[in-house]
There are 4 protein chains.
Amino acid sequence: MKKQTLFSVAICLITSNIFSQTVILNNTGTPEIQLPDIPGYLTMKCDFHVHTVFSDGVVWPTVRVDEALAEGLDAIAITEHVEWHRVEVIDDNRISYEIARDRAEGSDLVIIPGGEISASPDHFNALFLEDPNDRKLKDTIPARRIAAANAHGGFVFWNHPGWTAKYKNGNTPVTEEFKNLLRDESVQGIEVCNGNGYWEGALKLALEYDLALLGNSDIHGVSYNRFEPGKHRTVTLVFAKEKSAEGIRDALLDKRTAIYQGDHLIGPVEFLKPLFFESLELEATYREGTTIAYVSITNNSDINFYCGNRSPFLFYNSTHFFTIKAHSTTILGVKVNKNLPEFELDLVIHNLVVAPGESLELSLPVIMD
Amino acid sequence: MKKQTLFSVAICLITSNIFSQTVILNNTGTPEIQLPDIPGYLTMKCDFHVHTVFSDGVVWPTVRVDEALAEGLDAIAITEHVEWHRVEVIDDNRISYEIARDRAEGSDLVIIPGGEISASPDHFNALFLEDPNDRKLKDTIPARRIAAANAHGGFVFWNHPGWTAKYKNGNTPVTEEFKNLLRDESVQGIEVCNGNGYWEGALKLALEYDLALLGNSDIHGVSYNRFEPGKHRTVTLVFAKEKSAEGIRDALLDKRTAIYQGDHLIGPVEFLKPLFFESLELEATYREGTTIAYVSITNNSDINFYCGNRSPFLFYNSTHFFTIKAHSTTILGVKVNKNLPEFELDLVIHNLVVAPGESLELSLPVIMD
Amino acid sequence: MKKQTLFSVAICLITSNIFSQTVILNNTGTPEIQLPDIPGYLTMKCDFHVHTVFSDGVVWPTVRVDEALAEGLDAIAITEHVEWHRVEVIDDNRISYEIARDRAEGSDLVIIPGGEISASPDHFNALFLEDPNDRKLKDTIPARRIAAANAHGGFVFWNHPGWTAKYKNGNTPVTEEFKNLLRDESVQGIEVCNGNGYWEGALKLALEYDLALLGNSDIHGVSYNRFEPGKHRTVTLVFAKEKSAEGIRDALLDKRTAIYQGDHLIGPVEFLKPLFFESLELEATYREGTTIAYVSITNNSDINFYCGNRSPFLFYNSTHFFTIKAHSTTILGVKVNKNLPEFELDLVIHNLVVAPGESLELSLPVIMD
Amino acid sequence: MKKQTLFSVAICLITSNIFSQTVILNNTGTPEIQLPDIPGYLTMKCDFHVHTVFSDGVVWPTVRVDEALAEGLDAIAITEHVEWHRVEVIDDNRISYEIARDRAEGSDLVIIPGGEISASPDHFNALFLEDPNDRKLKDTIPARRIAAANAHGGFVFWNHPGWTAKYKNGNTPVTEEFKNLLRDESVQGIEVCNGNGYWEGALKLALEYDLALLGNSDIHGVSYNRFEPGKHRTVTLVFAKEKSAEGIRDALLDKRTAIYQGDHLIGPVEFLKPLFFESLELEATYREGTTIAYVSITNNSDINFYCGNRSPFLFYNSTHFFTIKAHSTTILGVKVNKNLPEFELDLVIHNLVVAPGESLELSLPVIMD
């Protein structure tokens, strides 16, 4: 058995470049990004903003699928600019989605049809477009483009709100007209993170207008993320009831999302808190003859949790600022005053952001063996 | 010239093991630990607690010198147990200091004579002992041992106060008698950090009794620190007026110390603040046509500064929790409301600890180009 | 000055993905592949076989330029299949060359127009095509396609002669008709190496028919070579009088080439020998009072030279099989019988291949200091 | 269960430096050096030449045990200089052996008592000394020292024969008197390798006088081998019938040894050939419809085998010089002329050295699936 596999790989390597050197690197569905599911929901790692040669990207749609599989994503949306394409390439906004969908066949990567709409003064992504070739999406009046996307039953979000070019000379895209789009739910989400970009103002706006939080790559070039140790693509975490396009749509409309960018999680307390708890395994015992509780915290996730202790207890082997490292076991010595059967550690998790300037606070219950 | 060096190295490598394979790896004085000096003082990296075969360590004193040079230390104290030695080894507490001192000759590593005194219920290190063979250091009455060390004009500090064995069954070494030693300055310092150990209670005690803060390795085995990327020995930072034993003694008596353990600095505001500022180079400019200040912060030190933003300004490309990485340039986009010629970033530096539960807070002045 | 650069980079990173995330990673011309020039010639690292979306590749031509610059190549030929293109992409064989050429502007990367011709029973690359859209290149009679390429004054070589599919059921493409193409110089070169493929039979044929040796990537997918430490693309080394398309054409016609694949060089003695010598710096001195010559060999190239000693001298610190490591200094102790002012080391360099089963042999002159 | 282990480790880490920071890193007997056993014999990795503070080394004997276990050795001999010790250390040649033996208790590391005898003009190691304190080992007449060691029933070998100091001014230790020691088997082995040193002349002598081949570290300093990726200590491979001191003694007297230094094995054909074969797993199949045999060679050992093909077959995907990499699978395409059910690959394994200037040659049988 193993023998046959071996040879088929070997022969494949030797002959593959006659036809194509692009191979699906990881079609087993193994999540390369290790984050736990949370009670009631699957945690899906999604990138809802990618380009290919069919707008201003530089790769064939198959590459986007291969990259997504290699990076352990659960879903991508193909979001070409609907108003623009290269002259050397066919004018058909649906084709890149179809090529990607065919490439993903046999894997469990979800491909979502979408498009990017340049509705002055800014850009918007529309997901689940029934027909990305619909001419109304290119209407001469920008606001009608968003209306057209809404008519498709799609989910529309504001792209890269921190794009500085728009803010030059005192301008702001957040006009009264713009706010109306948010108020009437024509626009239902916002990219707080776009690639490496992050805008605290966008998070403020999201909370003010109750928008779904999104973090996407907006990738145009080749993705080399997986070759940089510890690096990952900026993704939207979608808390879905099922791993499907429909599951994602429901979650987006219900605003069940958070963002994973760098070593940060950004999102509502209701999702970040279970993500933190589900990442951990705890064990605790008293040091013999003492009231020092040794608390062993195993973190099975990819995230280093940067913590501050706000409990009344002094630590025996750590300062109040400590890190629960990814894929490691951290042992805290906690000096409690008598041998309590259980107690709580009040913590702030600095890199879990719930609002501008505000990190997640919680109490970690410790039950002694 | 270079040629000759090359060959002498080559030949040395080939023949060295006839006599000794231990070579001084780094006698150029290059500091392997990169921390800046601060205004008025040199920042010396010191380990005041090491053992060799002359008490219960497992290496010859020359190895301690070679390790210290390779790890970029500025000073070590040889601190054998004064009351105990191996039967296979001569009973002379001064010899290990002398062997180390001879080995260090020609380098600028400072070797300090010292000893560890087991004065029940705990251990103390005495530095600058005139005669570590003084029989009074082994007096049958423990308190007299410390008195003997004081009589030498030495500097005495409490070792590993977090050693759990002492706290069993409700005991504490911090008796009234013990407090008197602190009050009358018989004991002038305390190891808040010993190896990987850290005790918040010790820091509390240090502040209460105005003790010098110490962090040492207490190494008995071989030091492999330099082979683990990013790792360094726990050291006492001494802010000295000159690089000498005398400069160190003055600084210790004057309590000009801090501790560098893992990714933490522990010490008084007056030393941590300049360490932070001297580690950084700033440049700042407004993004053309906008009120977004791009602040470039270059960190030339080995320490990652884990920061929290407490300014009224929103960040353009970062959450309020961000890291100024070691030996890197971090660029912050700060949204100020109008083009101020200068402003201040109010920050908390989480991993710079000034008291139990308390991190360094400061204002970073930004002057625009 | 430096400041300005810093900020322009920073701003570029933050805003670039609005337009394109593909940036030229290395346009300084720094050769990432470190091989020396040889007396009279520049050593150019060339890949004469690459595909883009304009035939069956998966990237836009700009990506090929960025990859080539990042990998330190001096020249690439864009060689789309002339008979075939994707239906979604314009039918114009010249466009991918033009896009690549424009992308390379300002760098010193040479872009060569070419095409791949599927002239049954095999494939051929034609470089320097005047018009890759010439319909004669798609003639229904395969032999006429090669004739058409020859008419362009191009350089034609046989691609991936080791492609096993062709050899099935006892077939061979090396028919009498085929041999005539080699004899009459319609086909002037041969890919002994294609990607990771290598065919000893091709080298045999090359020597028999006096063909230029070529080693190319035939890349269709994304190039990730630079992310795998120690890996490089298979390239044709062209020994040119000037760094230009013309210089390359002259060298190819004159068969001044070798191949660099993995840790092997494959080529004629007249090029491999100077490549070896120019990679090295030697110094030598007698160990005082002995007849042992310490020969220090510094290898400034990327290649590990795997050597066998065939001299009458015994080695003092090495077996007869030894490695002159890339970017390292190797010191050999050679036991000569009396203090000769100079001598020769007879060596075989196993990984420098001059014919099937035959490695480069040479004498390395050692002059004592 | 796991829980308890976890805590005992944690607590150990926190408290260990009170007593000793030296912990046995690897007492499971897992061989860190991966070399196969050969038919009829265990392959034991042994270092028969180490020093501690009890002669001119710089570590306590326990460190030698810890290092050996961490590096995956099966046996070490403690070989202090019998005539010399440090004044600060007790004059008892047996103590370092006893300390090491006690440290190794509970592991399966074999500790052998020995000593180094400086019998002018050179040094010799004697293993299995009944009493290393025997005054006759320090006899004023050097030759009597070796005689004394022989009287112990020990195994005596010549140390570092390549030590250049001895060869100054035309001298050689290989006098007629010396040859007599070899002839009459007073000296039964020779260090062809000592640390990084290698002397082809020693190998020549070993073959001439039928001496056991030894390769040892002669370590005086700390061993940092395990921190340098791919590096290992120079060891004597002993082909023993049982893992014990007795098994080793029998093998040494029977000259069942080879040497593993760097990427080389040095030894008799009868041991190197089975080491090579036992390292490999082969599978082979014909590429469908062709006469190309794909031979998959899995190398489970730590050694990269540098091979030259001397078969009449041309390779399909490799030059004649190729590497069967350690812990990897190498696939060779071999062009046989018709579909033979089996064939042989005639190879030279360059880095397996059987005599000065001579590498192992063998035929690798390939049986097709």
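Values quoted throughout were computed directly from the atomic coordinates according to the rules given, and no laboratory measurement underlies them. Nothing here was measured: the structure is a model prediction, and the numbers come from that model. Note that we place each Cβ from the backbone using ideal geometry, even for glycine, and neighbour counts take in every protein chain shown.
Brief remarks on what is shown
- Listed residues B:Leu42, B:Leu214, B:Leu137, most fluctuating in chain B (Gaussian network, C-alpha, under 10 Å): B:Leu42
- Label 7 Å beyond Cα on the Cβ vector: A:Glu278 copy-to-copy distances, nm: 4.9, 5.1, 6.1
- Database remark: amide H of B:Asn351 closer than 5 angstrom to the amide H of B:Tyr306 (H placed geometrically; neighbours at sequence offset of 5 or more, or on other chains; Pro and chain starts carry no H).
- Net charge over other residues, Cβ less than 9 angstrom from the Cβ of A:Asn304 (K, R count +1; D, E count -1): -1
- ³J(HN,Hα), Karplus 6.51/-1.76/1.60, whole Hz, each residue of segment D:170-182, x for Gly, Pro: x, 6, 9, x, 7, 7, 4, 4, 5, 4, 4, 4, 6
- Among B:Val87, B:Val269, B:Val50, the residue with the largest mean-square fluctuation in a Gaussian network model of chain B, with springs joining Cα atoms closer than 10 Å, is B:Val87.
- Cα convex hull volume per residue for segment C:44-132 (Å³): 92
- For the axis carrying chain A to chain C: nearest C-beta residue of A, whole Å: A:Phe227, 2
- At 7 Å out from Cα toward Cβ: A:Arg310 inter-copy label distances (nm, ascending): 1.4, 7.7, 7.8
- DSSP beta bridge pairing in chain B, given as percent antiparallel to the nearest 5: 75
- Taken along the Cα-to-beta-carbon direction at a fixed 7 Å, the label points for B:His327 and C:Arg135 span 6.4 nm.
- Relative exposure of C:Thr79, C:Thr257, B:Thr290, D:Thr291, judged by other C-beta atoms within 10 Å (fewest first): D:Thr291, B:Thr290, C:Thr257, C:Thr79
- Less than 5 angstrom separates the built amide H of A:Arg310 from those of A:Asp346, A:Leu347, A:Val348, all sequence-distant by 5 or more or on a different chain.
- Where the Cα pairs of chain C fall when distances are cut into 20 Å bins, in %: 27, 50, 21, 2
- Take chain B and mark each of the chymotrypsin sites (Phe, Trp or Tyr not before Pro) that is in a DSSP loop with at most 15 other Cβ atoms within 10 Å; the longest unmarked stretch, sites excluded, is B:225-369.
- Once the Kirkwood radius over Cα pairs is known for the protein assembly as shown, the Stokes-Einstein relation at 10 °C and 1.306 mPa s delivers a diffusion coefficient of 43 µm²/s.
- Normalised contact order of chain D, rounded percent, pairs of Cα under 8 Å and 6 or more residues apart: 14
- Computed over neighbours whose Cβ is under 15 Å from that of B:Gly162, the net charge equals +1, Lys and Arg +1, Asp and Glu -1.
- When the helices of chain B are scored as -39500 (n - 2.57) per DSSP H run of n ≥ 4 and the total is divided over every residue, the value at 222 nm lands at -7000 deg cm²/dmol.
- Other copies of B:Ala151: label-to-label distances in nm, shortest first, labels 7 Å along the beta-carbon direction: 5.5, 10.1, 11.2
- Eligible lysines near D:Lys179 by straight Cα distance, threshold 30 Å, same-chain separation 8 or greater: C:Lys335, C:Lys338, D:Lys45, D:Lys136, D:Lys138, D:Lys166, D:Lys168, D:Lys204, D:Lys255
- C-alpha center-to-center spacing [segment B:285-350, segment D:112-128] in angstrom: 67
- Each Lys or Arg adds one and each Asp or Glu takes one away; over the other residues whose Cβ falls under 14 Å from the Cβ of A:Asp47, this sums to -4.
- Those trypsin sites (Lys or Arg not before Pro) in segment B:313-369 that DSSP places in a loop and that have at most 12 other beta carbons within 10 Å: B:Lys338
- Partners of C:Lys325 within straight-line reach, counting aspartates and glutamates whose Cα lies under 14 Å from its Cα and excluding those fewer than 8 residues away in the same chain: C:Asp263, C:Glu281, C:Asp302, D:Asp263.
- Taking A:Leu205, A:Leu340, A:Leu272 as the candidate residues, the one with maximal mean-square fluctuation in a Gaussian network model of chain A, Cα springs under 10 Å, is A:Leu340.
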